[in-house]
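Everything below concerns the one structure shown next.
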Amino acid sequence: MNSHSDSGRTGKNGSPRSIGELQGMGRLHSVPGEQAFRSAVSLKLPAVQGAPSLEGIEVTLPTPARVSEGDIVERFDELCRTVAPRRDREAGEAVAAGDEVLLDVIGYSSGKLIPFSIRLDWWTQAAPNPMLPGFFEALVGARVGEALSVELTLPSDYPVERLRGARARFGVELQAARRGDSPAVVRGRASGAHPAGPLSRAASGGV
């Protein structure tokens, strides 16, 4: 009897049947642990009373800043960099202004770690940044694979209030660098490739 019952719980190839198969064959009641299924407490969800009313709720959204010509040019330059041809610099090769650089960075002020100053595997551009005056400029001429120390004075509007105007020192490891065409070169190439396109018309003052 047991052998017959056991054979019903296995398929033709001897593999155990699924719970669905056993249930369909009416054999789930004979499976050990079936009482646990029967005695399990059903999950009861609370009745939905309807979505809360939005009547009388006011939401104030900040007024978006006006888009300036400088904003448009900056965004266009960013897009130019994404499509510009790139060349990885060799180990020991010097970084030039505008290069994309891969850095590990840690910063200290008065012997204490600067909050949020640790950056690992950070791709950025060797171009001036008012929040770190002189930091990226110090990377120009440094060589790929080099470790260097950069000292600077944090600006008066630095995000961490207690560090505004403080001297800081950053340890930097220059892991990699790559050179791409400048946005001006990409713009020129795009205008040359599409003489009747909007870039060409804008450059000539047309609409």
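Observations, loosely collected:
- Taking only the C-alpha atoms of the stretch 86-183, the Rg (one decimal) and the largest Cα-Cα distance, Dmax (whole number), read 13.6, 41 Å.
- For the stretch 86-183, size of Cβ-based charge dipole, Lys and Arg +1, Asp and Glu -1, in debye: 260 debye
- Fully extending the segment from Phe76 to Leu102, taken as 0.36 nm per residue of separation minus the present Cα-Cα distance, adds 7.1 nm.
- Inter-label distance, nm, simple model (7 Å from Cα along the C-beta direction), Glu55/Arg86: 5.7 nm
- Positive-end ranking of Ala127, Gly171, Val95 along the dipole of the stretch 86-183, with charges on Cβ about the Cα centre, is headed by Gly171.
Any read-out appearing in this document is the output of simple, stated calculations on the displayed coordinates, not a laboratory observation. In this text, all values refer to a predicted model and were calculated from it rather than measured experimentally. With ideal geometry, Cβ positions are generated from the backbone for all residues, glycine too; neighbour counts draw on all protein chains shown.
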